[in-house]
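First up is the structure itself, then whatever we jot down about it.
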């Protein structure tokens, strides 16, 4: 048997919280073989990142304690003096992190930062180290590597910064690369590039990879073996294909059933609930298709035509307009009562701004927004306030969207009393009713937001949005910050509420797999424009626009059988919607390929795609 | 970068104009006739009228304003009512004294404060940190005249190591001896401020992701601290030290009085006591200029320390 | 998680815990309360009249009649110190409160409205902040005359920009939080959002800063008096007492020591208090203790 590169034996890591030692990882053991990729997968609080930092011994010494053995090629890292451990870091074991935007030093050039490891571990002089670093830049496919070598990190996009991080990690040809959620902060097409790059470099270098992620799709795509962690314990370990095909632990089953699988909705007309799995027994209910809620015969609740939202960028000596963000560019769509329209796209595509423009949280520059048959641009102050009762918003971050200093009851009652819908006593009853409606107990009204978990807070936000009995809810990445199992529960709640109240959702999301599950229709946005809009089945089964196709291909699918599939290495970046002040957007033409399925005629920029 | 400088310069000009205008109108709008104020309560009506002519207060306001602005630009800030010499000459006579004092104390403050702040941050919540925090807090609690008097009593009166009046200076040795006490008085207070700013900036930077990255690639801890962290921490330190300029100048006034040292501070206090209001006008302008120049220098230093600034 | 992400009762508990971690802040609070008590009780506990001159017992050392000795005019130093504390604290507290009210309002409005209004207001504040507060105070008092009200106005005026800055920064960060955006989506008025949703979340930070600025105000008042622009003699002020001692520094420097120590102790106590409080509410430092 070949000895493993990394062998973790009985690892227990504890943190001191208020003077008490609390284990965060308990008695964890697993091996990483030569050239093997092992994924640790789990939700927040599972201890997966702490495992990585324990291995690197990067946890703060004052309030953390690491016990057990961490053997790197037979040498116990936990027993090494700090000076020797320093020789291991970046040399034998290298690490890349989740946040490429903050992981590079802003005041040192990228070239210097990559060369630095070579100077310390290989004893190279600065010139030799920089020559080697430049070679690494080319290996990680940074375009124009030579000219960008002496630039500072702020000139690089997130994807490019992650490439710099990878170059830095590979500098000393480590035996083991630890990747801690390296693609979580990236857009899906960039994520696909980085995963592809890691796979290729691993083969070339012959190194082992410990890959930490919360995304089952990414696991399926990259890992030979998988360790599933839950609350500090390894609940399951095995070859990735086996873990996916026949999960043994109830938790793994729950996790997998909550993961929407791209393409699994083929042949279904309406959104589907997520299966509810009991974490203890692993038993599951049979998810059902939701009833038909779309009021297709009536006039659409919301009609957006040629909506434009631009932001000026001022600069220079006289604060003149030096550029313009074309956040939303001539966007049109309609939405019926009881219908879910998803706006999908990558960062900077304008999907959030579209939602905010409709609620007039940002002022639209042009276009018409008709809500319940009324043009909202013509509304005055009082009209706008009345209109806001009828359309509400749910935000991404459930921790930031509730005022920390008000009780839940006060937060839910406030919109009711401010709008004069009810007196104090009646409002209290309404609050109780709202809490019940979102699956919480009415006696929670006296608690403060910090006493709730992330998923519960998102339920509270939904309850607050419902307080004014709206007909339209703009959900801006409403479930993106939640763990998969919680995400499934909140989505189920949203589907139930739609069936019960006939709500229309404008569901803004970057998560294509979730969108497939919950929406009736989909609009794909790119650079502020809708490039394709149509029924969910049409978009997923017969995508027409080159961008839609690229987006769909980039989504990681939780199916290890597709692992051999290669996408080819690309280093395209997401283009910025910032334009010169005199930029005139091109006039787009659209064609209807099927009833209700409209595609933008692709411009020249797509010719090579 | 050039657009950045031009913009700051433009802002400086506007600031200067705003202060000049403010000074001009304050002197004229505030209740009480300046001529009356200058001459005191017992002055005759004739004397006051004569003074009004001498001050140019009898002419139309717009004309006065234009002359004042134009004069300020040309360096003609009027004649001191007390000494009869041009205000600019009086100011230029003592400016080097104040500059030498403030630059020396800033230097002392940085040399002591930055390493101390780094040391405290690295040893967070341990003895060095507690001692440094307490000492720096005590340092910035000292009114400059109290600390100055203590230094004077101890080192000049009791120990006689330094002169009591630090104006006379013979040779480099004498100059240094005369400068030492006032510069240390100001410098130690400055060091207290800089220590605290450096400490908190370092604490923040040391928890940044890129510090973890540097450690993960095996860079020695001292290099992580002094190269990776301190370079970033200096950016806020520069800004905040720029903001403490006002404290520094205020303390320099008190220091100059205590050590009986010529300088802008002594000049302004003299002008206040003798109601030399052309001198006061001139002093306001010179202080504004100093503030503007130092702000510009701060911005430039900031731009040099932070590569992201060039984007603007 | 930041401090603003906690509700009131939990925030208070956490604040007390963090405050407890810093024993020196209790010391600061204790000393400050003691000084306030002494100042309030001055008419009852002062051994002598602070203004009455006794030419025959000038420059005396400590005795049972004059516990800290007498000054050049034969006045009781201890009594002058006790009465002086009243003026120092009165001027400090009133000017700091005024600056806090005006400055925070400016800061919240600027932070909330943003745009040109914010740029212009804050650049004006920055210029004022960079301009030496002592010089500005000197000129204001010199022009208006050294009365109690004018000194308070001058000191308040010089600390307005600091409070504007202090209030603006958290307003902007709170404003960008989604719960404020949710308030707008729910159709709440600007005033309601500013006073019911933003102010309570930034009030702790403002209050902490006030204790540090109270220290600064007391120091500025003493400096003005030392330069000769304090309350007119024979009113006892600490700065004025130091001035009298300093004028005769070669033969009776100890006259400056007692009031000098008094100022230092009060300012240091307030700084200890404010420093501990700041650590207690600083979101960045919280949770690490």
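The values are calculated or read from the model by the stated rules, or taken from the named source; none is laboratory data. As the structure is a prediction and not an experimental result, all values here were calculated from the model. Neighbour counts are summed over all protein chains in view; Cβ atoms, including those assigned to glycine, are modelled from backbone coordinates with ideal geometry.
Yes or no, residue by residue, for (1) within 14 Å of chain B (Cβ to nearest Cβ); (2) within 30 Å of residue A:32 (Cα to Cα); (3) not in a loop (DSSP other than H, G, I, E, B):
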residue: A:253; (1), (2), (3): no, yes, yes
residue: A:269; (1), (2), (3): no, no, no
residue: A:274; (1), (2), (3): no, no, no
residue: A:287; (1), (2), (3): no, no, no
residue: A:309; (1), (2), (3): no, no, yes
residue: A:313; (1), (2), (3): yes, no, yes
residue: A:321; (1), (2), (3): no, no, yes
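Take the residues of the range B:153-182 that are out of contact with any helix residue (DSSP H, G or I) (no Cβ under 6 Å at 6 or more places or on another chain) and within 9 Å of chain C (Cβ to nearest Cβ): which is farthest from residue C:270 (Cα to Cα)? Per the stated criteria, the residue is B:157.
Looking at the range C:188-212 only, could you name the residues that are surrounded by fewer than 20 Cβ atoms within 10 Å (Cβ to Cβ), within 25 Å of the chain's Cα centre (by Cα) and at the interface with chain A (Cβ under 8 Å from one of its Cβ atoms)? If the condition is that a residue be surrounded by fewer than 20 Cβ atoms within 10 Å (Cβ to Cβ), within 25 Å of the chain's Cα centre (by Cα) and at the interface with chain A (Cβ under 8 Å from one of its Cβ atoms), then C:200 is the only one that fits.
Of the residues making up the range B:243-254, those that are within 9 Å of chain C (Cβ to nearest Cβ) and without any contact (Cβ under 8 Å) to a residue 60 or more places away in the chain are B:243, B:245, B:246, B:247, B:253. Applying the set (1) touching a residue at least 60 places away in the same chain (Cβ under 8 Å); (2) over 17 Å from residue A:90 (Cβ atoms); (3) not in a strand (DSSP E or B) to residue A:182 leaves exactly one unmet item: (2).
Can you say whether residue B:105 is within 21 Å of residue B:252 (Cβ to Cβ), touching a residue at least 24 places away in the same chain (Cβ under 8 Å) and under 13 Å from the mean Cα position of the chain (by Cα), as far as the supplied structure shows? Yes; evaluated as a whole, the condition is true for this residue. On inspection, residue A:478 passes the criterion of being part of a loop (DSSP other than H, G, I, E, B) and within 12 Å of another protein chain (Cβ to nearest Cβ). Scanning the range C:175-187 for residues that are crowded, with 21+ Cβ neighbours inside 10 Å and modelled with pLDDT of 85 or more yields C:179, C:180, C:182, C:183, C:185, C:186.
The numbered conditions (1) touching a residue at least 60 places away in the same chain (Cβ under 8 Å); (2) over 32 Å from the mean Cα position of the chain (by Cα) are all true for residue A:45 except (2).
Matching residues to (1) free of Cβ contacts under 8 Å to residues at least 40 places away in the same chain; (2) more than 9 Å from every other protein chain (Cβ to nearest Cβ); (3) in contact with a strand residue (DSSP E or B) (Cβ under 6 Å, 6 or more places away or on another chain):
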site: A:93; (1), (2), (3): no, no, yes
site: A:110; (1), (2), (3): no, yes, no
site: A:120; (1), (2), (3): yes, no, no
site: A:131; (1), (2), (3): yes, yes, no
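Of all residues in the range B:60-85, those that are exposed (fewer than 12 other Cβ atoms within 10 Å of the Cβ), farther than 30 Å from residue B:178 by Cβ and free of Cβ contacts under 8 Å to residues at least 12 places away in the same chain total 7. When the range A:357-386 is limited to residues that are within 14 Å of chain C (Cβ to nearest Cβ), in a helix (DSSP H, G or I) and without any contact (Cβ under 8 Å) to a residue 24 or more places away in the chain, the one that is nearest to residue A:467 (Cα to Cα) turns out to be A:386. Of the candidates C:139, C:155, the single residue that is modelled with pLDDT of 85 or more, crowded, with 16+ Cβ neighbours inside 10 Å and either in a helix (DSSP H, G or I) or facing another protein chain (nearest Cβ under 9 Å) (or both) is C:155.
Residue B:268 fulfils the conditions (1) in contact (Cβ under 8 Å) with a residue 24 or more places away in the chain; (2) facing chain C (nearest Cβ under 9 Å) except for a single criterion, (1). Among the residues making up the range A:436-475, a single one is without any contact (Cβ under 8 Å) to a residue 24 or more places away in the chain and within 12 Å of another protein chain (Cβ to nearest Cβ): A:451.
In the set (1) more than 15 Å from residue B:286 (Cβ to Cβ); (2) more than 8 Å from chain C (Cβ to nearest Cβ), the condition left unmet by residue B:257 is number (2). Checked against (1) part of a loop (DSSP other than H, G, I, E, B); (2) surrounded by fewer than 17 Cβ atoms within 10 Å (Cβ to Cβ); (3) away from chain C (no Cβ under 13 Å); (4) free of Cβ contacts under 8 Å to residues at least 40 places away in the same chain, residue A:420 passes all but condition (3).
Of these, B:295, B:232, which one is within 9 Å of chain C (Cβ to nearest Cβ), touching a residue at least 12 places away in the same chain (Cβ under 8 Å) and in a helix (DSSP H, G or I)? Result of the check over B:295, B:232: B:295. Filtering the range A:235-246 to residues that are touching a residue at least 24 places away in the same chain (Cβ under 8 Å) and buried (at least 19 other Cβ atoms within 10 Å of the Cβ) leaves A:237, A:240, A:244. Kindly establish whether residue A:351 is out of contact with any strand residue (DSSP E or B) (no Cβ under 9 Å at 6 or more places or on another chain) and more than 14 Å from every other protein chain (Cβ to nearest Cβ). Answer is no for this residue.
Looking at the range A:188-210, can you tell me whether even one residue there is over 21 Å from residue A:114 (Cβ atoms) and in a strand (DSSP E or B)? Yes - at least one qualifying residue is present in the range A:188-210. Screening A:402, A:343 for residues that are crowded, with 21+ Cβ neighbours inside 10 Å and within 25 Å of residue A:530 (Cβ to Cβ) leaves exactly one candidate, A:343. Out of all the residues in the range B:193-200, is one or more touching a residue at least 60 places away in the same chain (Cβ under 8 Å), away from chain C (no Cβ under 13 Å) and under 15 Å from the mean Cα position of the chain (by Cα)? Scanning the range B:193-200, I find at least one residue that is touching a residue at least 60 places away in the same chain (Cβ under 8 Å), away from chain C (no Cβ under 13 Å) and under 15 Å from the mean Cα position of the chain (by Cα), so the answer is yes.
Of the helices (runs of 4 or more DSSP H) contained entirely in the range A:83-171, those carrying at least 1 residues that are in contact with a helix residue (DSSP H, G or I) (Cβ under 6 Å, 6 or more places away or on another chain) and modelled with pLDDT under 90 fall at A:145-148, A:158-170. Taken over the range A:274-290, the criterion of being closer than 18 Å to residue A:537 by Cβ and either touching a helix residue (DSSP H, G or I) at 6+ places or on another chain (Cβ under 8 Å) or surrounded by 17 or more Cβ atoms within 10 Å (Cβ to Cβ) (or both) is satisfied by A:290 alone.
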